[in-house]
Amino acid sequence: MASYSAEILWQRGDQDFSSGRYSRRHLLRFDGGAEVPGSSSPHVVPLPWSDAAGVDPEEAFVASLSSCHMLWFLSIAAKHGYCVDSYHDHASGEMRRNARGKMAMTRVMLRPAVVFSGPKQPDRPALDALHHEAHEACFIANSVHTEVLCEPVVAA
């Protein structure tokens, strides 16, 4: 069993907490030492109480799914003898009411564009199979009830 941790740090300072007029800006600190500014989404809590420059939980959720998929894809592509030169995913997520009427990330769309080099190049069915295998292996996708889709971007 593996264990993972993150610290979330926020301090009120001299802000008026009881009126709701306080900054949602905070710090995300990860076990490897990385620190990332965080905030609520400006779609949820209006500016200036949110910090648009901070990573909000919804963005982090989408990024986590995209990153996990990519890492599995790279591993699987290497195992199948493909050489990946670059991987660029412009992932997005949708916030809507779920079947229970709760606001939730109900859909995440991955749009990975992968560039390969070398003599072995996957055709479209092979590329789709690589992405399917990566999706099935992704720990994060296996952990959520959100519909997670993958729509590979193929250069014309």
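The values are calculated or read from the model by the stated rules, or taken from the named source; none is laboratory data. These numbers were taken from a predicted model, which means no experiment stands behind them. Positions of Cβ are backbone-derived with ideal geometry, glycine not excepted, and every protein chain shown enters the neighbour counts.
Here Ser66, Ser92 are screened, and the one residue that is in contact with a helix residue (DSSP H, G or I) (Cβ under 9 Å, 6 or more places away or on another chain) and of a type in the set (Ser, Thr, Tyr) is Ser92.
Quick grid of which residues meet (1) of a type outside the set (Asp, Glu); (2) at pLDDT below 95:
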residue	(1), (2)
Ser66	yes, no
Gly81	yes, no
Asp89	no, no
Val115	yes, no
His132	yes, no
Val144	yes, yes
Leu149	yes, yes
Ala156	yes, yes
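This table checks each residue for (1) closer than 23 Å to Arg29 by Cα; (2) touching a Ser or Thr at 6+ places or on another chain (Cβ under 8 Å); (3) of a type in the set (D, E, K, R).
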{"residue": "Ser66", "(1), (2), (3)": "yes, no, no"}
{"residue": "Gly81", "(1), (2), (3)": "no, no, no"}
{"residue": "Met109", "(1), (2), (3)": "no, yes, no"}
{"residue": "Arg124", "(1), (2), (3)": "no, no, yes"}
{"residue": "Phe139", "(1), (2), (3)": "yes, no, no"}
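Within segment 38-74, the set of residues being closer than 13 Å to Val108 by Cβ, surrounded by fewer than 17 Cβ atoms within 10 Å (Cβ to Cβ) and among the small types (Gly, Ala, Ser) comprises Ala60, Ala63, Ser67.
Scanning segment 16-74 for residues that are of a type in the set (Ser, Thr, Tyr) and under 23 Å from Cys150 (Cβ atoms) yields Ser64, Ser66, Ser67.
When the residues of segment 18-37 are filtered to those that are without any contact (Cβ under 8 Å) to a residue 24 or more places away in the chain and surrounded by 10 or more Cβ atoms within 10 Å (Cβ to Cβ), the one that is nearest to Asp56 (Cα to Cα) is Pro37.
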